[in-house]
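The values are calculated or read from the model by the stated rules, or taken from the named source; none is laboratory data. Values in this document were obtained by computation on a predicted structure and should not be read as measured data. Counting neighbours? That spans all protein chains shown, and the Cβs are built from the backbone with ideal geometry, glycine included.
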Amino acid sequence: MPLNIAIDGPAGAGKSTIAKMVAKKKNLIYVDTGAMYRAVALYILRKGVDPADIEAVSKTSKEADITIGYEDGVQIVYLNGENVNAFLRTEEVGNVASKTSANPAVREHLLYLQKQLAASNDCIMDGRDIGTVVLPNAKPKVYLTASSEVRAKRRFDELVAKGEEPDFDKIKADIEQRDYQDMHREIAPLRQAEDATLVDSSYMTIEEVVQVICDLCE
Ligand code: DC
């Protein structure tokens, strides 16, 4: 049985930063499931489909063939054969992904790919439903969170460092809206699995969180 570690939590909790570091330390592959949902959202955006139109999203998402590869340990997401990594991390794509990921057809499509990856690789996988739905037998499971204030501040600082002039209140409102959508959808909502360890990173350093997760693996 491959080693499968699950990390779930709300947007901006630091899941991907932490998971990448644990992956390196433990020699695992890092599977970023949010990037898969973002790739579908990118396709929906490119096709000009309304993310709230359930039927159109179901139909259009079936045309989006998502596959994953690795280059120097970095996950590459291919959308119909095109490497789309450079287009995935915008606020727009994230907000659309939060809406389109509530669609059952989109989830079914990606669930299979995620289960397959975990069945054949030692991995750390992050997302919203990894410990509850995708990998119910993962060990350890971590629910990583932080207050919306702290998460918004981290995002704000990232954008300032890139030379942008972000609006803090808008970032915080977006984060809270995504939390609400991700936690209240019918299928596979974001919630802490019963056997997951809660880690609130609001007042922890990245290294401290990585250490907690590595300790849970022992
Ligand atoms: O983690 P992220 O911000 O890249 O994820 C983008 C969106 O994808 C998120 O708002 C909800 C959705 N998502 C999901 O529904 N299930 C997952 N396992 C991962 C992400």
Worksheet entry | Filter result (in contact with a Ser or Thr (Cβ under 8 Å, 6 or more places away or on another chain) and more than 14 Å from the ligand (Cβ to nearest atom)) within the range 159-191 | K172
Worksheet item: Within the range 149-157, is there a residue that is modelled with pLDDT under 95 and touching a helix residue (DSSP H, G or I) at 6+ places or on another chain (Cβ under 6 Å)?
Response: yes
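When you scan the range 103-118, do you find a residue that is of a type outside the set (V, I, T), more than 30 Å from A56 (Cβ to Cβ), away from the ligand (no atom under 13 Å from the Cβ) and surrounded by 19 or more Cβ atoms within 10 Å (Cβ to Cβ), even just one?
Step one: of the range 103-118, the residues of a type outside the set (V, I, T) are 103-105, 107-118.
Those left that are additionally more than 30 Å from A56 (Cβ to Cβ): 118.
If we keep only those that are away from the ligand (no atom under 13 Å from the Cβ) too, we end up with none.
No, because not a single residue in the range 103-118 is of a type outside the set (V, I, T), more than 30 Å from A56 (Cβ to Cβ), away from the ligand (no atom under 13 Å from the Cβ) and surrounded by 19 or more Cβ atoms within 10 Å (Cβ to Cβ).
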Discussion item. For the structure I just gave you, tell me whether P136 is more than 8 Å from the ligand (Cβ to nearest atom) and touching a Cys at 6+ places or on another chain (Cβ under 9 Å).
Written reply: no
